[in-house]
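Scroll down for the structure; my scribbles are underneath it.
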Amino acid sequence: MTSIGWLQIALFTIIVAATVRPVGGYMMRVFSGEPTVLGRVLGPVERGIYRLAEINPAAEQEWYVYALALLAFNAVGVVALYALLRLQGFLPINPQHFEAVDPALALNTAVSFTTNTSWQSYGGETTLSFLSQMAGITVQSFLSAATGIAVAIALIRGFARRHFSTIGNFWVDMTRALLYVLLPICIVATLFLVWQGIPQTLDGTLGAATLDGAQQLIARGPVASQIAIKLLSGDGGGFFNVNSAHPFENPSALTNLVEMLLIFVIGAALTNTFGRMVGNEGHGWALLAAMAILYIAGVAAVYAAEAHGNPAFAAFGIDQRAGELQAGGNMEGKEVRFGATMSALFATVATDSSDGAVNAMLDSFTPGGGGVLMANMMLDEVIVGAPGSGLFSMLLFAIIAVFIAGLMIGRTPEYVGKKIAATEVKMTVLAILCIPLVILALTATASVVAAGLAGLGNSGPHGFSEMLYAFTSGAMTNGSAFAGLSANTPFYNLTLALAMFVGRFFVIVPVLAIAGSLAAKQVVPVSAGTLPTNRLLFVLFLVGVIVIVGGLTFLPAVSLGPAVEQFAMQSGRLY
Amino acid sequence: MLDLLMMAVVVAAFAAAAAYAGLCNRLGRRPEMPDEDLR
């Protein structure tokens with residue numbers, strides 16, 4: 001580890017922290033219907049959309065109606081993307097003349113991008129037409145991010161409102177998230193990425209002669225516009241197979257910094273939006289502080305593991321020390337231009353935030369480093385998370401935390417002035433338990449059936465880690481992979497689609513139920529017995545609850561994979 | 001044929017999610033304990 005490495009991590013963290021208040025305040029104004037700087041330009045567009053779609057923006061919905069609208073909208077999204085992928089061979093803007101995508105792969109991809117996961121069992125530049133990339137993958141990245149933001153805003157309203165039977169209007173929340181938040185940031189980010197050298201063209205592959213006189217095909221296409229939303233949405237689905245490790249997806253140190261910032265910006269700022277909408281920014285800062293503790297612990301652990309390197313390399317005379325000519329550490333699967341530091345930071349940010357983007361090959365991380373990335377996801381998207389889903393997942397744990405605190409002192413739990421009763425706790429438990437259930441059940445199944453074992457690129461504990469990582473990534477809607485696993489098989493395409501579907505919609509539904517239940521309640525005045533939930537004590541308690549719940553759920557599985565592999569590596573045995 | 005099967009899977013999955021929402025709605029409507037401190 002080097003001081004310049006720590007300085008880079010600190011600089012990135014400070015920049016993210018500086019964006020929280022302005023972006024959080026802006027989103028609060030957007031979703032509260034207050035005037036914004038973009039209102040003059042986008043207001044007529046927004047009203048035009050409502051007229052065209054016959055939406056009455058003043059008509060609010062009960063949680064159940066809100067949830068059904070969300071499910072119907074996403075069902076149409078899955079079917080539309082599936083149809084696009086299956087018909088791409090007959091459709092225009094396909095300069096490489098790609099044929100239809102296989103049915104199981106098309107289903108996996110359609111569910112993946114509708115659920116904001118972006119698990120990719122395909123290589124983008126060798127499988128999808130430009131139309132599929134633009135009208136399918138990119139559009140669903142926008143829509144799935146807006147869906148997550150809408151759910152988070154509905155839950156915030158549940159906490160902020162008193163005696164309401166409604167939690168907002170799904171169509172209005174979607175429209176505002178797209179028009180006022182995602183599109184403006186993406187337009188600016190796309191122009192920046194084009195300036196930095198990322199292609200944005202509808203021309204097909206380019207032929208080039210190498211120095212040896214051979215012909216090489218260089219893939220390109222409408223890359224920049226897809227990369228901006230892949231990062232901002234917490235989606236992570238790259239244009240190219242190797243994602244942000246490709247020079248056309250991440251050409252410079254500056255784009256690397258901005259890409260990480262795009263991944264974190266909305267998820268971090270939504271904590272401030274929450275604080276403002278419930279009338280006390282301190283509650284938002286408390287949630288962000290809990291996220292920050294877990295983020296810093298994670299990045300420190302991954303950086304330490306990767307900078308320390310692989311002791312087995314010493315036998316081959318490989319020098320892993322940092323010096324003037326090399327960044328040092330475990331450089332297998334990493335870009336020389338990013339080194340162990342920026343690879344560790346990018347991977348931590350991406351697994352914290354449920355964004356599947358990578359700038360290094362995660363399967364080549366040390367078992368300890370890769371294990372921490374897996375653990376980041378296993379903590380249920382609470383460390384910043386994808387837009388919206390990070391905040392509502394953290395609020396689920398806040399409910400569990402106040403419930404446990406209430407049990408300790410025999411008092412009905414409260415959170416931001418709302419009593420947490422049986423309904424909220426039941427819904428929270430449903431939302432939190434369905435994800436580990438699907439991860440562990442599917443990993444166990446894949447471990448014993450021939451179809452599951454057939455895809456493994458490695459044996460022993462590393463092979464188990466590849467399967468565990470895949471189902472964790474799917475159910476936690478991350479999308480990154482230990483790419484030693486060949487997942488483009490009917491078994492993995494269908495089981496991962498199931499994991500992604502359950503991990504997304506079987507969490508969102510109870511979250512909206514909590515929103516509906518809370519919105520109907522009165523606010524309880526603060527008393528001497530109220531647990532302050534905007535103080536350091538609660539932050540530490542919340543972190544403890546998250547770690548204990550995650551540990552109790554996943555420690556046995558992690559022990560069989562990355563933990564045992566780390567000890568094996570230290571004794572000189574590799575898998 | 002496979003396409004029809006895949007679409008049937010999608011419809012069944014979303015129908016299950018809608019039924020799950022119905023279950024959550026029923027659970028939420030059950031009468032709760034009086035809203036007062038347990039002590």
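What size of dipole, in debye to the nearest 20, comes out for the stretch A:297-398 about its Cα centre when the only charges are +1 on Lys and Arg C-beta atoms and -1 on Asp and Glu C-beta atoms? Kindly include the intermediate steps, with their values, before the conclusion.
Details: 3 positive and 10 negative charges, 28 e Å.
About 140 debye.
Put +1 on the Cβ of each Lys and Arg and -1 on the Cβ of each Asp and Glu in chain A; which of A:Val278, A:Ile187, A:Gly333 then has its Cα farthest toward the positive end of the dipole?
A:Val278
Let me see the pair-distance distribution of the stretch A:349-402: every alpha carbon pair, 5 Å bin width, integer percents in order.
Reading upward from the zero bin: 5, 21, 25, 21, 13, 9, 5, 1.
Amide H neighbours of A:Lys419 under 5 Å, at least 5 residues apart or on other chains, H built in the peptide plane: list them.
A:Val524
To the nearest 10 square angstrom, what accessible area does A:Asp203 show with a 1.4 Å probe?
Per-residue accessible area (A:Asp203): approximately 90 Å².
Placing +1 on the Cβ of each Lys and Arg and -1 on the Cβ of each Asp and Glu in the protein assembly as shown, which of A:Phe240, A:Gly25, A:Thr553 has its Cα farthest towards the positive end of the resulting dipole?
A:Gly25
Starting from a Cα-only point model with no solvent, please compute log10 I(q)/I(0) by Debye for the stretch A:253-297 at q = 0.15, 0.26, 0.32 1/Å.
For the requested q values the scattering log ratios are -0.44, -0.87, -1.01.
Work out the count of Lys pairs in chain A where the Cα-Cα distance is under 21 Å, with the pair 8 or more places apart or on different chains.
Within chain A, the lysine pair count is 5.
Quick one: Kirkwood hydrodynamic radius for the stretch A:464-573, alpha-carbon pairs, angstrom, one decimal?
17.7
Using the Kirkwood radius over C-alpha pairs as Rh, can you work out the diffusion coefficient of the stretch A:51-131 via Stokes-Einstein at 10 °C, viscosity 1.306 mPa s, in µm² per second?
109
Quick one: if the Förster radius is 25 Å, what FRET efficiency do A:Ser252 and A:Ile4 give, using the C-beta to C-beta distance and rounding to 0.05?
0.90
What relative contact order, as a whole-number percentage, does chain A give when Cα pairs under 8 Å and 6 or more residues apart are counted?
20
Starting from the Cα of A:Arg29, move 7 Å in the Cα-to-Cβ direction to define the label point; list residues of the stretch A:241-277 whose amide nitrogen is under 18 Å from there.
Under cut-off, by backbone N: A:266, A:269-277.
In nm, to one decimal, how far is the A:Phe192 label point from the A:Phe567 one, both placed 7 Å along Cα→Cβ?
Rounded to a tenth, the inter-label distance reads 4.5 nm.
Are there any chymotrypsin sites (Phe, Trp or Tyr not before Pro) in the stretch A:175-269 that are in a DSSP loop and have at most 10 other Cβ atoms within 10 Å? List them by number.
Hits after loop and neighbour filter: nothing returned.
Which FRET efficiency value, to the nearest 0.05, is calculated for A:Tyr575 and A:Gln326 with the Förster distance at 30 angstrom and r the Cβ-Cβ distance?
The calculated FRET efficiency here is 0.70.
Please state the Cα pair-distance histogram of the stretch A:192-330 with 10 angstrom bins from zero: what percent is in each bin?
Final binned percentages: 10, 24, 27, 26, 10, 3, 0.
Taking amide H positions as placed 1.01 Å from N in the peptide plane, with prolines and chain starts having none, which residues 5 or more places from A:Ala360, or on another chain, fall under 5 Å of its amide H?
none
Label A:Leu537 and A:Ala59 with points 7 Å out from Cα along Cα→Cβ: what is the distance between them in nm?
4.9
What are the radius of gyration and Dmax of the protein assembly as shown, computed over its Cα atoms and given in Å?
Considering the protein assembly as shown through its Cα atoms, Rg and Dmax are 23.5, 84 Å.
Residues of the stretch A:233-259 with amide nitrogen under 12 Å from the 7 Å Cα-to-Cβ point of A:Thr126?
What the label zone holds, given the 12 Å backbone N cut-off, is A:241-242.
Give the relative contact order (percent, whole number) for the stretch A:59-149; include only Cα pairs under 8 Å separated by 6+ residues. Spell out each step's value before the answer.
Numbers: 88 pairs, mean separation 27.4, N = 91.
The normalised contact order for the stretch A:59-149 reaches 30 percent.
Run the numbers on the stretch A:432-537 and let me know its relative contact order in percent, using alpha-carbon pairs under 8 Å that are six or more apart. Don't skip to the end; give the middle numbers.
Details: 88 pairs, mean separation 29.6, N = 106.
It rounds to 28 percent for the stretch A:432-537.
Can you tell me the equivalent ellipsoid semi-axes for the stretch A:408-502? Use √(5λ) from the Cα gyration tensor, largest first, whole Å.
Numbers: eigenvalues 259, 31, 25 Å².
Over the Cα atoms of the stretch A:408-502, the ellipsoid semi-axes are 36, 12, 11 Å.
For chain A, what is the mean residue ellipticity at 222 nm derived from helices alone (per DSSP H run of n ≥ 4: -39500 (n - 2.57); sum divided by total residues; nearest 500 deg cm²/dmol)?
Details: 20 runs with 344 residues, N = 575.
Result for chain A, helices only: -20000 deg cm²/dmol.
Quick check: residue separation of A:Gln200 and A:Arg51 times 0.36 nm, minus the Cα distance between them. What number comes out in nm?
Details: separation 149, 0.36 × 149 = 53.64 nm, distance 3.30 nm.
Going from the current span to full extension adds 50.3 nm.
Run the simple label-point estimate for A:Ala528 and A:Leu87 please: 7 Å along Cα→C-beta, distance reported in nm.
7.0
Calculated FRET efficiency, A:Gln215 and A:Asn241, Cβ-Cβ r, R0 25 Å, to nearest 0.05?
0.75
The values are calculated or read from the model by the stated rules, or taken from the named source; none is laboratory data. No experiment lies behind these values; they were computed from the predicted model shown. Heads up, the Cβs are rebuilt from the backbone with ideal geometry, glycines too, and the neighbour counts pull from every protein chain shown. Ligands, DNA and RNA are stripped out before the accessible areas are found, and what is left, the full protein with its side chains, is counted by its heavy atoms. Shrake-Rupley method; radii C 1.70, N 1.55, O 1.52, S 1.80 Å.
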